[in-house]
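The values are calculated or read from the model by the stated rules, or taken from the named source; none is laboratory data. These numbers were taken from a predicted model, which means no experiment stands behind them. Counting neighbours? That spans all protein chains shown, and the Cβs are built from the backbone with ideal geometry, glycine included.
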Amino acid sequence: MALLKLQINNRSYEADVDGDTPLLWVLRDNLGLVGTKYGCGIAQCGACTVHVDGEPVRSCALPISAVGKAKVTTIEGLSEKGDHPVQKAWEEVDVAQCGYCQAGQIMTAAAFLKKNPKPTDAQIVETMSGNLCRCGTYHRIKEAVKSAASKTK
Amino acid sequence: MQSVEQSSRRNFLKIAAATGGGLFLGFNCSNAAALPSIVNPEALAAGAVNFNSFLTIGNDNIITIFSPNPEIGQGIKTAFPMIVAEELDADWTLVKTVQANLDTNKYERQVTGGSGAVPHSWERLRKAGATARYLLVEAASKRWNVPTSEITTEKGKVLHKSSGKSLTYGELADEASKIAIPKEVKLKDEKSFTLIGQSVRNVDNKNIITGKPLFGLDFYREGMLFALIQRPKAFGLKLKSVDSDAAKKMPGIVDVVTFGNSVAVVGKSTWQVKKAREVLKIDYEKEFDLESSADHNRIFKQLLENGEATVRRKNGNVEEAFKNAAKVITAEYQCPFLPHSPLEPMNFFAHVREDGVELVGPTQTPDRARNEAAKITGFPPEKVTVEITRQGGGFGRRLSADYAIEATHVSKMVKAPVKVVWTREDDMTGGTYRPAVRYRFEAALDKSGQMIGYKLRGVGMNSGNPTREDNFPSGAVDNLLIDSVEHKSPITTGPWRAPITNFLAYAEQSFLDEVAEAAGKDPIQFRLELFEKAKKSPAGEVKYDVDRMIAVTKLAAEKSNWGKKKGVHQGFSVYFSHRSYVAQVGEVVVEKGKPVLKNVIAAVDCGIVINKSGSLQQVRGGVVDGVGHAMYGNMTFKDGAPDQTNFNGFRLIRMSEIPEVDVHFVDNGISPTGLGEPALPPAGAAAANAFYKATKKRLRNQPFIEEEAFKSIS
Ligand code: FES
Ligand code: FES
């Protein structure tokens with residue numbers, strides 16, 4: 001066990017955990033940031049996606065010892081009022097069914113649109129195919145990403 | 001508060017002034033034709049009155065509507081309150097929806113399953129809203145001294161148009177609560193609905209997109225311990241001995257306890273208990289046969305030939321018909337086991353205290369969890385509370401209470417609040433599954449291509465009856481025999497979204513496509529002829545509405561421009577399940593030599609559509625689910641253990657693999673008949689029949705990608 005200092009959502013956190021603990025479980029069990037979800041634990045579903053220095057990362061497969069000084073953003077810190085263009089699009093398009101996968105979908109989409117503000121449909125599909133939605137909300141995820149893209153132009 | 005109707009309290013609509021001011025309306029749902037009654041608020045608080053659900057109107061105009069049924073992604077937490085709000089003429093922006101806890105005194109059928117919530121509660125919810133509205137109008141009529149006939153309601157306000165007077169519901173709530181409620185209350189004319197039928201967004205959207213704690217797995221409590229459970233690695237094994245010394249010495253571990261065949265590692269964090277679980281040394285011994293998928297294939301074939309069958313339905317003289325047939329068509333269809341894979345794995349919180357039990361978590365059957373916990377702890381059920389969280393999918397998996405039972409055992413043994421967490425591997429390998437099944441169909445055609453005989457035998461695994469003997473084409477064939485054989489497997493099975501029909505519909509609708517082809521008829525025309533027959537000269541009882549079948553069939557044909565698209569291979573399927581009717585046309589296009597399912601056109605009759613946005617997504621999601629599992633879903637066993645343990649081995653459909661789904665609802669004004677499941681069953685056959693047109697190869701087994709038609713291309 002070691003006391004680690006973490007930069008999450010522009011705040012400093014400390015966690016006393018083993019270095020091999022995945023970031024996901026530190027967020028959830030130690031820091032109370034439960035917006036980041038567990039779906040598979042092996043980087044297959046994307047439910048645990050967070051941003052590490054702006055890059056989309058599967059937090060279930062990232063040991064906390066590897067996070068170091070990097071800046072982590074979780075769904076709770078994506079925007080202050082829940083009004084990031086991607087979040088707004090998700091609400092307007094009414095994407096969520098059960099909602100469990102959606103934090104990961106939103107984080108994936110937000111990182112993607114930052115790099116590709118004008119994506120083609122094929123690029124959207126390629127990127128978002130990394131995230132599973134068991135409820136099958138894919139049509140609306142696609143629509144929401146498109147809508148967010150058109151608004152951030 | 002005085003009591004107007006004191007008799008038969010159980011079946012009466014109740015109303016009471018809430019202690020905090022405002023109107024408090026409860027409504028009992030055990031009888032849709034219930035009579036109203038006033039109850040006293042003390043009795044309410046004491047839980048002495050049998051309510052089913054209720055709403056409150058605060059003096060601040062906020063209307064709180066409790067939704068008793070578990071929300072698993074089917075949209076009930078939005079749809080239920082919409083129905084109440086419609087009859088109440090509430091201002092939807094001032095409606096707050098609250099998930100009710102388990103309370104069998106207040107509610108009945110607090111269950112999510114069988115697409116049954118809306119059909120069950122439709123009348124009752126409307127009545128609750130209409131009664132509250134009636135009282136508000138009466139209160140205004142008294143205050144203004146004008147007849148109720150001159151009063152209207154709109155968006156949370158009572159209006160007297162000729163004098164220009166208006167009051168909000170909040171301003172009238174106290175007065176309204178003192179008025180005796182009517183024995184009969186008039187419901188709106190369905191044509192005048194203003195909220196029902198609109199697109200209303202998921203009431204939890206804001207919390208979902210900002211990552212608020214909503215789900216069972218998000219539940220944390222000061223001092224709570226975490227438990228991961230090691231279950232036998234194969235179905236058919238039982239626990240022999242456990243050596244937990246090493247595990248107990250691992251950091252963060254509080255205890256290791258054993259119950260039944262389970263070994264629970266309990267500690268301070270999920271990750272710590274996960275690591276400790278890996279160093280458990282456990283010996284198992286064989287209790288039952290350790291079955292493999294190869295065994296199942298053999299068992300299926302054997303039982304189809306000479307299993308002891310139970311007759312489910314018989315009409316006419318099948319043997320005669322097959323003897324006289326000009327043509328006989330036979331085909332067998334088989335599907336594998338499937339895990340439910342809700343994205344939120346199983347988990348449950350339990351705190352067994354000195355004075356009772358607290359349960360919190362995702363369950364489709366909270367009452368079952370409560371009763372099981374009562375049994376384990378010896379408390380009466382009243383001493384067990386169940387808080388229902390939002391659930392990251394259910395698909396039938398959360399109808400089982402196994403994981404709530406586990407949490408209760410562990411909490412009881414370690415005397416602390418405990419959350420049992422299943423990893424994805426646990427979720428996929430720990431049961432329960434959609435059981436594998438094999439069907440044999442036989443059809444007899446006469447010279448003119450009429451289906452004069454039909455036989456279906458199903459061999460199920462733990463499913464009791466793997467057929468739905470009264471479904472189409474029963475009623476449309478004079479000579480028919482449907483029977484089934486059962487195999488008892490130690491692999492645990494249970495309902496999976498659209499139980500039985502999730503595969504039977506595909507098999508039956510694919511087979512009918514084969515029969516239509518053998519009869520030289522267009523697949524839709526062939527079915528329409530059968531519907532006509534079921535209508536004009538039915539063979540035995542017809543337990544589906546033939547006109548509704550015809551209507552969705554024709555609508556799907558029209559919207560898909562059936563048979564008229566160049567370069568597009570269309571396949572048809574129509575199915576009645578869970579009280580609703582859905583027809584689908586799958587469209588396959590060959591791209592670079594590969595058949596690709598591009599579109600599915602769905603015609604849906606679920607009666608009145610409550611929430612347009614939610615319903616549209618239910619159908620799309622149902623088609624994606626049906627097509628996805630038909631294409632890719634494959635769970636196999638070796639010596640009682642699943643071969644697939646996570647999403648790397650078990651393939652779920654992804655965005656790049658979905659067809660467009662074009663949805664059309666039939667507008668017939670019939671009371672709503674459920675939508676959580678009905679769009680799924682026909683999807684597999686719509687796809688399979690379209691693939692057949694493109695490849696000329698029948699897909700008789702799921703998953704399709706393992707079939708010859710696909711193997712030869714990829
Ligand atoms: S939980 Fe990390 S990718 Fe699934
Ligand atoms: S909305 Fe349920 S898993 Fe995506």
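Results, tabulated for the structure shown:
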| quantity | calculated |
| --- | --- |
| Subset of the stretch A:1-44 (residues that are out of contact with any Cys (no Cβ under 9 Å at 6 or more places or on another chain), among the β-branched types (V, I, T) and within 16 Å of ligand 1 (Cβ to nearest atom)) | A:T21, A:V26, A:V34 |
| Residue in the stretch B:119-139 that is surrounded by fewer than 22 Cβ atoms within 10 Å (Cβ to Cβ), not assigned by TED's automatic domain parsing to the domain that holds B:V386 and not in a helix (DSSP H, G or I) present | no |
| Among the residues listed as B:D470, B:D446, the single one being of a type in the set (D, E), more than 14 Å from B:R312 (Cα to Cα) and away from chain A (no Cβ under 14 Å) | B:D446 |
| Candidates B:T363, B:T270 - the one that is among the hydroxyl-bearing types (S, T, Y) and farther than 23 Å from B:P435 by Cα | B:T270 |
| Inter-residue pairs, beta-carbon under 7 Å, first within 16 Å of ligand 1 (Cβ to nearest atom) and in the stretch B:379-402, second among the charged types (D, E, K, R), 6+ apart | B:G392/B:E344; B:G393/A:R134; B:G393/B:E344 |
| Leading residue by the ranking (farthest from the other protein chains (Cβ to nearest Cβ)) among those in the stretch A:68-83 that are in a loop (DSSP other than H, G, I, E, B), surrounded by fewer than 23 Cβ atoms within 10 Å (Cβ to Cβ) and in contact with a strand residue (DSSP E or B) (Cβ under 8 Å, 6 or more places away or on another chain) | A:K69 |
| Residue count, the stretch A:31-54 (criterion: touching a Pro at 6+ places or on another chain (Cβ under 8 Å), within 20 Å of B:G216 (Cβ to Cβ) and among the β-branched types (V, I, T)) | 1 |
| Every pair of residues 6+ apart whose Cβ atoms lie under 7 Å, when the first sits in the stretch B:648-661 and is more than 16 Å from B:D427 (Cβ to Cβ) and more than 7 Å from chain A (Cβ to nearest Cβ) while the second is of a type outside the set (S, T, Y) and assigned to a helix (DSSP H, G or I) | B:I653/B:V624; B:I653/B:V627; B:I653/B:G628; B:I653/B:M631; B:P659/B:V627 |
| Those strands (runs of 3 or more DSSP E) lying entirely in the stretch B:313-375 with at least 2 residues within 15 Å of B:E387 (Cα to Cα) | B:347-352, B:357-361 |
| Breaking point among (1) surrounded by fewer than 21 Cβ atoms within 10 Å (Cβ to Cβ); (2) within 13 Å of the chain's Cα centre (by Cα), for A:M107 | (1) |
| Checking A:S59 against (1) at the interface with chain B (Cβ under 10 Å from one of its Cβ atoms); (2) crowded, with 24+ Cβ neighbours inside 10 Å, the condition it does not meet | (1) |
| Qualifying residue in the stretch B:679-692 (condition: surrounded by 17 or more Cβ atoms within 10 Å (Cβ to Cβ) and without any contact (Cβ under 8 Å) to a residue 24 or more places away in the chain) | no |
| Odd one out for B:P538 among (1) assigned to a helix (DSSP H, G or I); (2) farther than 30 Å from B:H340 by Cα | (1) |
| Unique match (being among the acidic types (D, E), buried (at least 22 other Cβ atoms within 10 Å of the Cβ) and more than 9 Å from every other protein chain (Cβ to nearest Cβ)) among B:D625, B:D639, B:D605 | B:D605 |
| Failed condition for A:T127, given (1) surrounded by fewer than 22 Cβ atoms within 10 Å (Cβ to Cβ); (2) at the interface with chain B (Cβ under 7 Å from one of its Cβ atoms) | (2) |
| Selection status of B:P232, part of a loop (DSSP other than H, G, I, E, B), free of Cβ contacts under 8 Å to residues at least 60 places away in the same chain and within 12 Å of chain A (Cβ to nearest Cβ) | no |
| Residue selected from the stretch B:158-191 under the condition in contact with a Leu (Cβ under 7 Å, 6 or more places away or on another chain) and modelled with pLDDT of 95 or more, by the criterion surrounded by the fewest Cβ atoms within 10 Å (Cβ to Cβ) | B:S166 |
| So A:V50, is it outside any helix (DSSP H, G or I), surrounded by 23 or more Cβ atoms within 10 Å (Cβ to Cβ), more than 7 Å from every other protein chain (Cβ to nearest Cβ) and within 14 Å of ligand 2 (Cβ to nearest atom) | no |
| The stretch B:377-401, subset crowded, with 20+ Cβ neighbours inside 10 Å, in contact with a Ser or Thr (Cβ under 9 Å, 6 or more places away or on another chain) and outside any loop (DSSP other than H, G, I, E, B), residue farthest from the other protein chains (Cβ to nearest Cβ) | B:V384 |
| Residue match in the stretch A:106-123 (condition: in contact (Cβ under 8 Å) with a residue 40 or more places away in the chain and within 23 Å of B:G393 (Cα to Cα)) | yes |
| Positions within the stretch B:649-663 being more than 21 Å from the chain's Cα centre (by Cα) and closer than 21 Å to B:N561 by Cβ, in sequence order | B:P659, B:E660, B:D662 |
| Selection from the stretch B:344-365 of residues that are farther than 18 Å from B:A264 by Cα, buried (at least 24 other Cβ atoms within 10 Å of the Cβ) and out of contact with any Ser or Thr (no Cβ under 9 Å at 6 or more places or on another chain) | B:E344 |
| Any strands (runs of 3 or more DSSP E) falling wholly within the stretch B:407-520 and containing at least 1 residues that are more than 30 Å from B:F215 (Cβ to Cβ) and of a type in the set (A, V, I, L, M) | B:437-445, B:451-461, B:479-487 |
| Residue list for the stretch B:563-605, filter: outside any strand (DSSP E or B) and in contact with a strand residue (DSSP E or B) (Cβ under 6 Å, 6 or more places away or on another chain) | B:V568 |
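Per-residue answers, yes or no, for (1) more than 12 Å from ligand 2 (Cβ to nearest atom); (2) modelled with pLDDT under 95; (3) part of a loop (DSSP other than H, G, I, E, B):
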residue	(1), (2), (3)
A:Q87	yes, no, no
A:C98	no, no, yes
A:A109	yes, no, no
A:T127	yes, no, no
A:N131	no, no, yes
A:K142	yes, no, no
A:S147	yes, no, no
A:S150	yes, yes, no
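Results for (1) modelled with pLDDT under 95; (2) among the hydroxyl-bearing types (S, T, Y); (3) over 27 Å from A:C45 (Cβ atoms), shown as yes or no for each residue.
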| residue | (1), (2), (3) |
| --- | --- |
| B:G626 | no, no, no |
| B:G649 | no, no, no |
| B:R654 | no, no, no |
| B:V666 | no, no, yes |
| B:I713 | yes, no, yes |
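A quick yes/no check of all residues on (1) under 20 Å from the mean Cα position of the chain (by Cα); (2) on the phi > 0 side of the Ramachandran plot; (3) free of Cβ contacts under 8 Å to residues at least 60 places away in the same chain:
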| residue | (1), (2), (3) |
| --- | --- |
| B:G316 | no, yes, no |
| B:F337 | yes, no, no |
| B:P345 | yes, no, no |
| B:P362 | yes, no, no |
| B:P366 | yes, no, no |
| B:A373 | no, no, yes |
